[in-house]
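J.: One structure follows; several queries about it will come next.
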Amino acid sequence: MSIAHENVKARYQNINRLNEKKLEDRKREVYKKTPKIEELELRITKLNLETLKAAITLDNSDKERNDIEKKKNKLQAEVNSLLLNSGFKEDYLNSINKCEKCKDTGYIDAKTRCDCYNKYILEERTKDSGLSKNSGTFETFETKIYNNKKQDGKVSQEAYMKELKKRAEEYADSFPSENVLNFVLMGKPGTGKTFLIESILNRVLAKGFVGEYYTASRLFTIFYNHRMGERVDLNLLMELPLLVIDDLGTEIMTKNVTVEYFYNLINERSAKGLHTIIATNINSQNIIDRYGDRVFSRLSAKNSETILIPERFGDIRI
């Protein structure tokens, strides 16, 4: 078993320990306020043992087992009534589970992993999202740093970036239900593309989803290493709910790697309905020239959105 799976197993053990502790705390709270409930629950426990004994020995008749069940139901109804009268919900003493589908076991059945298990595995494999502590967030995205003067009657850079920020927030807040899978930002260097895509990823991570940030240089180095025979986990790139690629077009072009691997990445992620965000300093024609028509077709399909920041906007870092 891999370290990731061992860590997930330990995570479930910890979740169950916390669940049990929380339930014990609730019981103490309830029993202190209404001691009669503790007495009733002890009687229910004894009846459960009788039911178990009957199932093992097969000594009891169906009628006797039905009688035991009726007694349990009557006692449980009395517990529920006392809980309500004491200011608690009826299910306050029920088993506590973070995931109702698998009851915090990680499995729906003997062969089927729960969605939460798969999510935890992805989190283990992406503990480092690729973002720094100073990465962009929508809360720190300040549009006042942009030029607020109109040029030739056209919208100012500040006004334009306010709308672009709004669209980026919509994308992040609706994730993963957003119909747009491939979200591409094009524009000259220094216009705020990196800050925006970091902001999207930070918001998505804060919502509890899994995503990771890669510079194009880092991503294509991984592709190259895989091509050279190194053991590289490309499956992770194909499974991430959100993959963010920055500075596309700055990577070194490598024969039989750059175009082929990039096409396979975009094609497979689109087929799986996974979200990919790309920021690039090059335009649509440059993408065609550099990666070919097939890549451009995937990035401009009906489930994609490309935003070209106007050429007239300057570099705010200068």
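J.: Residues VAL184, VAL204: which one is surrounded by 20 or more Cβ atoms within 10 Å (Cβ to Cβ), within 15 Å of the chain's Cα centre (by Cα) and closer than 19 Å to SER270 by Cβ?
T.: Exactly one residue qualifies, and that residue is VAL204.
J.: Would you be able to tell me the number of residues in the stretch 155-173 that are in a helix (DSSP H, G or I), free of Cβ contacts under 8 Å to residues at least 12 places away in the same chain and more than 14 Å from LYS193 (Cα to Cα)?
T.: 2
J.: For VAL232, state whether it is over 20 Å from LEU299 (Cα atoms), touching a strand residue (DSSP E or B) at 6+ places or on another chain (Cβ under 8 Å) and not small (Gly, Ala, Ser).
T.: Against the criterion (over 20 Å from LEU299 (Cα atoms), touching a strand residue (DSSP E or B) at 6+ places or on another chain (Cβ under 8 Å) and not small (Gly, Ala, Ser)), VAL232 does not qualify.
J.: Could you tell me which of the residues LYS70, LYS27, LYS33, LYS22 is in the same structural domain as SER86 (by TED's automatic domain parsing), within 30 Å of LYS119 (Cα to Cα) and either of a type in the set (Asp, Glu) or modelled with pLDDT of 80 or more (or both)?
T.: LYS22
J.: Continuing with the same structure: Do the conditions hold for ARG269, that is, is it surrounded by 15 or more Cβ atoms within 10 Å (Cβ to Cβ), in the same structural domain as GLY292 (by TED's automatic domain parsing) and closer than 24 Å to ASP289 by Cα?
T.: Spelling it out, ARG269 is indeed surrounded by 15 or more Cβ atoms within 10 Å (Cβ to Cβ), in the same structural domain as GLY292 (by TED's automatic domain parsing) and closer than 24 Å to ASP289 by Cα.
J.: In the stretch 104-140, what count of residues is obtained for those that are among the aromatic types (Phe, Trp, Tyr), surrounded by 18 or more Cβ atoms within 10 Å (Cβ to Cβ) and at pLDDT 90 or above?
T.: Of the residues in the stretch 104-140, 2 are among the aromatic types (Phe, Trp, Tyr), surrounded by 18 or more Cβ atoms within 10 Å (Cβ to Cβ) and at pLDDT 90 or above.
J.: Also, I was wondering about something else. Taking interchain pairs and intrachain pairs at least six residues apart, which have beta carbon atoms under 9 angstrom, with the first residue in the stretch 142-154 and part of a loop (DSSP other than H, G, I, E, B) and the second surrounded by 12 or more Cβ atoms within 10 Å (Cβ to Cβ) and among the β-branched types (Val, Ile, Thr)?
T.: TYR146/THR191; TYR146/ILE316; ASN147/ILE316
J.: Quick one: in the stretch 229-247, of everything that is more than 23 Å from the chain's Cα centre (by Cα) and modelled with pLDDT under 95, which residue is surrounded by the most Cβ atoms within 10 Å (Cβ to Cβ)?
T.: Step by step, filter the stretch 229-247, then rank; the result is GLU230.
The values are calculated or read from the model by the stated rules, or taken from the named source; none is laboratory data. Since the structure is predicted, the reported quantities are computational estimates derived from the model, not experimental observations. Glycine gets a Cβ as well: all are built from the backbone with ideal geometry, and neighbour counts include every protein chain shown.
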